[in-house]
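Novice: This is the structure, below, for whatever I ask next.
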Amino acid sequence: MKSQARVVIVGGGIMGVGLLYHLVQEGWRDVVLIEKGELTSGSTWHAAGQCPQFVGSLNLAKIHHEGTLLYPRLEELTGEAVSWHGCGGIRLATTDDEVEWFKKVYGVSKLVGYEAHLISPNEIREHHPFLETFGVKMGFLTVTDGHVAPADITNAMAAGARKGGATIYRRTLVTDIKPLPSGEWQVVTDKGAITCEHVVNAAGSYADAVGAWTGHNVPICNMLHHFIITEPLPELIDLKKELPVVRDPYSHAYLREETNGILIGPYETAGAHVCWEGKPPAWDFESELIAPELDRLMPWLEKATERLPLFAKAGIKSVISGAITHTPDSNFLLGPAPGPRNYWMCNGASIGICQGAGAGKYLAQRMVHGAADINMLEFDPRRFGDWADKDYTSVLSVVDYQHMYYCYRPGEQHPDKRPLRVSSLYDRLEAAGAQFQAVFGWERARWFDPSGKGEVYSFRRSNWFEPVRAECAAVRQRVGLMDLSTFAKFDVTGAGAAAFLERVCANRVPRKVGGIMLGHLLTESGRIESEITVTRLAEDHFYVLSAATAQLHDMDALRWRLEPGEDVAIADITDDYGVLVLAGPLSRDVLQPLTGEDLSNAGMRWLTGRVATVAGVAGVRLLRVNYVGELGWELHCPMPAMPKVFDALMASGKPHGIRLFGTYAMNSLRMEKAYRGWGGELTAEITMVEADMERFVHWDKDFAGKAATLKLKQEGPRISLVYMQVDASDADCAGNEPITQGGKIVGLTTGGAYGHTVGKSLTFAYVDPAKVDLDAPFEIEIYAEPKVARIIAQPAWDPDNARPRA
Ligand SMILES: Cc1cc2nc3c(=O)[nH]c(=O)nc-3n(C[C@H](O)[C@H](O)[C@H](O)COP(=O)(O)OP(=O)(O)OC[C@H]3O[C@@H](n4cnc5c(N)ncnc54)[C@H](O)[C@@H]3O)c2cc1C
């Protein structure tokens, strides 16, 4: 066995092998994969092998699409036989919500570039004459979907990787992974140890057990899933063309043809549970099935028979029942693990056969080049903190399994395991009608419901629209108050702190104590990795803020940029402070009576911060900054003192008409100001130049990613961010809507909202500057309805930025 390698992948299922293949494609040859049994002997061998492309998320859809491109070509590329069945797929919509969702996904299909059609029940029957279409409102036909024998594609990719120089050790059990003082990893096996630069946890059902060796919390669970295959049916033997795979929310199942019989796999919404009592399987578990639980399938099989009566005509030939990994939010874990660098996760896939090729391709790009061609944030393992413990993961994974065919409406989340992380104001906000959203475990208010009825989830503007209008009006005309304790918060201290931040941020670090700047950490390839707000509280003390979901992500982004011996300490103080955002033209009148600080422009300028006493609470970090574009302050209070400060602000604000507001209003207000958002407009696919953020780049100094950014600037942007006004009617852009001009797709939206103050529906979008006439109208498809959109040159609200400086 080798003693040294650049990469060691633990696990020879579709996910590990898909990555191995693509690492070689990206140019890394010194790559090793270790499998305790035979390749595919975990979950992969017994999968049904379907590769669907109907996915609402653009980035995930790109991953799914990749499989349908690669698998049919694998035989030609590797010389290994692959049984690709390009039979297409039809997903059925049985509710109006599903019809809306299909229209949204239809837009995504155009951006990804696969052929899809929204079809009627009659057209469905033309494609699938045996299907009963009772209750069906629409079908989503995906022409290039298919299914494949999972072992074929895994072995073909393994062969391709081997030909490119990769090494695969089968029948070798990894028993430990250790970080070495050199920054490398040691992978210990029952046949020797390998030292490597990168280690990848692709251990499928064992990913949490493997992660535990290095203290990584890996929120996956194994769920028992079945499919059933019938004996051959004469009706199918005679067919000239294979039937498309059907996905049916009525029977919660996939139904397809298999060797002239019928294959049905239900995702039961009752009775599903984790396997092996939540523990990983025994180390010698290999190519085995789990005892089937047919009783719990019966109601779903009966429904499947109603949908496809042919199913009842044949005897059952086989039942496949095996473990499938699920995560609490249905996405796999793909990307860097938190903590020491170069430990990667490539696990948690519940549709791994379909996803293995794309997941491998984009993770390989990320590992080899530092950034991928797609935005991988939604797959980043660091979206879960330690709050996603085993109990949380088990409960949410069951929910995820049971909702495989559920149509989530925008904003809809599950009530299970909530609340988990709350600010000390939670009870007060709940009493005020807060409609909470779970974000990185926290509860954060989206809006306040005066009716007490709660949010009616919808693909269109819903019962939050008018209350949000009132929240926005309060902020623009009087004063609003928001709990934004979810901010990730870090103290960066030490003699080297200023030089460190100067080196890692594209913007210039405030020279004076009290200065605030917006900083961006760029990848080596010049893409935007993180956005942070930095306040200089002392010569050697910087207070750094970033998005709630970036708490682990940005801790790593900062820590991984430290140089050996640098006198800098980075402390995560997220839970120590709560944050109140006080904003609006009357905010000074509300706050001034509560503090001895001079809040006038002369006493405290816009974009400055200091430590102050507010409402008798010492140690409040008072920052004159906000994301809504009004006069205002953020009050970062010691968490236990939040209620005292909150009560004082509400009392002081009462005569001024203070009103609580949430993130829906904040989004509307920031859109009016054309403030970009990290994760939406600012992602690791985009440069500062493309995002029109050059005013936050200080070209006169050195910073990480400068050379690449400069080079890309000189080459000219591939895409450009534009700000648009849309003739929307009852739904606004939510991101990933296609934009056309002259009938051709020229870009996509990144997010949007209705601007209540300006009376316009607004969106940001990336367009290809070479393809568009910036002065001409565009069309944006919102739920498959074209809406006219025009670029607006400056922020819709307060373009001179006078109000925050008032
Ligand atoms: C009944 C059923 C039907 C399915 N149908 C489909 C489908 O139609 N389409 C689809 O896309 N997906 C389907 N799936 C899901 C799919 O099987 C999984 O998502 C996929 O196989 C996961 O791949 P993986 O590589 O992550 O895990 P695995 O295939 O389990 O691979 C992990 C490997 O790691 C090895 N390993 C673990 N620990 C160690 C160690 N310490 N040392 C060495 N080796 C180790 C294991 O032996 C295993 O081979 C289905 C699953 C089931 C159960």
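Novice: Can you find even one residue in region 297-315 that is within 35 Å of the chain's Cα centre (by Cα), within 12 Å of the ligand (Cβ to nearest atom) and of a type in the set (Phe, Trp, Tyr)?
Specialist: Within region 297-315, none of the residues are within 35 Å of the chain's Cα centre (by Cα), within 12 Å of the ligand (Cβ to nearest atom) and of a type in the set (Phe, Trp, Tyr).
Novice: So, one more: Determine which member of the set Val772, Val788 is touching a strand residue (DSSP E or B) at 6+ places or on another chain (Cβ under 9 Å) and part of a loop (DSSP other than H, G, I, E, B). Talk me through it step by step, then tell me what you get.
Specialist: Working: Val788 fails: part of a loop (DSSP other than H, G, I, E, B).
Being touching a strand residue (DSSP E or B) at 6+ places or on another chain (Cβ under 9 Å) and part of a loop (DSSP other than H, G, I, E, B) holds for just one of Val772, Val788, which is Val772.
Novice: Considering every residue within region 84-96, establish whether at least one is away from the ligand (no atom under 15 Å from the Cβ), in contact (Cβ under 8 Å) with a residue 40 or more places away in the chain and assigned to a helix (DSSP H, G or I).
Specialist: yes
Novice: Hey, among Gly183, Gly215, Gly160, Gly204, which residue is more than 16 Å from the ligand (Cβ to nearest atom), under 24 Å from Val274 (Cβ atoms), touching a residue at least 40 places away in the same chain (Cβ under 8 Å) and within 31 Å of the chain's Cα centre (by Cα)?
Specialist: Gly215
Novice: For Asp416, only one of the following conditions fails: (1) within 16 Å of the ligand (Cβ to nearest atom); (2) in contact with a helix residue (DSSP H, G or I) (Cβ under 6 Å, 6 or more places away or on another chain); (3) open to solvent by 50 Å² or more (accessible area, probe 1.4 Å). What is its number?
Specialist: (1)
Novice: Can you name the residue in region 754-765 that is open to solvent by less than 10 Å² (accessible area, probe 1.4 Å) and not polar (S, T, N, Q) and is also farthest from the chain's Cα centre (by Cα) among such residues?
Specialist: Step by step, filter region 754-765, then rank; the result is Gly755.
Novice: A further question follows. Can you pull out the residues in region 334-351 that are near the ligand (Cβ under 7 Å from one of its atoms) and open to solvent by less than 10 Å² (accessible area, probe 1.4 Å)?
Specialist: Passing the criteria: only Asn347.
Novice: If you check Asp238, Asp248, which single one turns out to be among the charged types (D, E, K, R), within 22 Å of Thr325 (Cα to Cα) and either within 15 Å of the ligand (Cβ to nearest atom) or open to solvent by 20 Å² or more (accessible area, probe 1.4 Å) (or both)? Steps first, please.
Specialist: Working: Asp238 fails: within 22 Å of Thr325 (Cα to Cα).
From the options Asp238, Asp248, the qualifying one is Asp248.
Novice: Still on this structure: Among all residue pairs at least 6 apart or on different chains, which show Cβ distances below 6 Å where the first residue, located in region 652-678, is open to solvent by 30 Å² or more (accessible area, probe 1.4 Å) and the second is among the β-branched types (Val, Ile, Thr) and in a helix (DSSP H, G or I)?
Specialist: Here the result reads His656/Val590; Tyr664/Val468, each pair linking region 652-678 to a residue that is among the β-branched types (Val, Ile, Thr) and in a helix (DSSP H, G or I).
Novice: Taking the criterion of being among the hydrophobic types (A, V, I, L, M, F, W, C), outside any helix (DSSP H, G or I), under 27 Å from Asp800 (Cβ atoms) and in contact with a helix residue (DSSP H, G or I) (Cβ under 9 Å, 6 or more places away or on another chain), would at least one residue in region 679-694 satisfy it?
Specialist: Within region 679-694, one or more residues are among the hydrophobic types (A, V, I, L, M, F, W, C), outside any helix (DSSP H, G or I), under 27 Å from Asp800 (Cβ atoms) and in contact with a helix residue (DSSP H, G or I) (Cβ under 9 Å, 6 or more places away or on another chain).
Novice: Do we find that Glu430 is on the phi < 0 side of the Ramachandran plot, without any contact (Cβ under 8 Å) to a residue 12 or more places away in the chain and part of a helix (DSSP H, G or I) in this structure?
Specialist: Considered against the rule, which asks whether it is on the phi < 0 side of the Ramachandran plot, without any contact (Cβ under 8 Å) to a residue 12 or more places away in the chain and part of a helix (DSSP H, G or I), Glu430 comes out as yes.
Novice: A further question on this structure: Quick check on this structure: which one of Thr154, Thr144, Thr167, Thr133 is open to solvent by less than 50 Å² (accessible area, probe 1.4 Å), within 29 Å of the chain's Cα centre (by Cα) and among the hydroxyl-bearing types (Ser, Thr, Tyr)? Walk me through it before giving the result.
Specialist: Values: Thr144 fails: open to solvent by less than 50 Å² (accessible area, probe 1.4 Å); Thr167 fails: within 29 Å of the chain's Cα centre (by Cα); Thr133 fails: within 29 Å of the chain's Cα centre (by Cα).
Exactly one residue qualifies, and that residue is Thr154.
The values are calculated or read from the model by the stated rules, or taken from the named source; none is laboratory data. Since the model is a prediction, treat every value here as computed from it, not as a measurement. As a convention, Cβ positions derive from the backbone with ideal geometry for all residues, glycine included, and neighbour counts pool all protein chains shown. Accessible surface areas use protein heavy atoms only, side chains included; no ligands, DNA or RNA. Shrake-Rupley method; radii C 1.70, N 1.55, O 1.52, S 1.80 Å.
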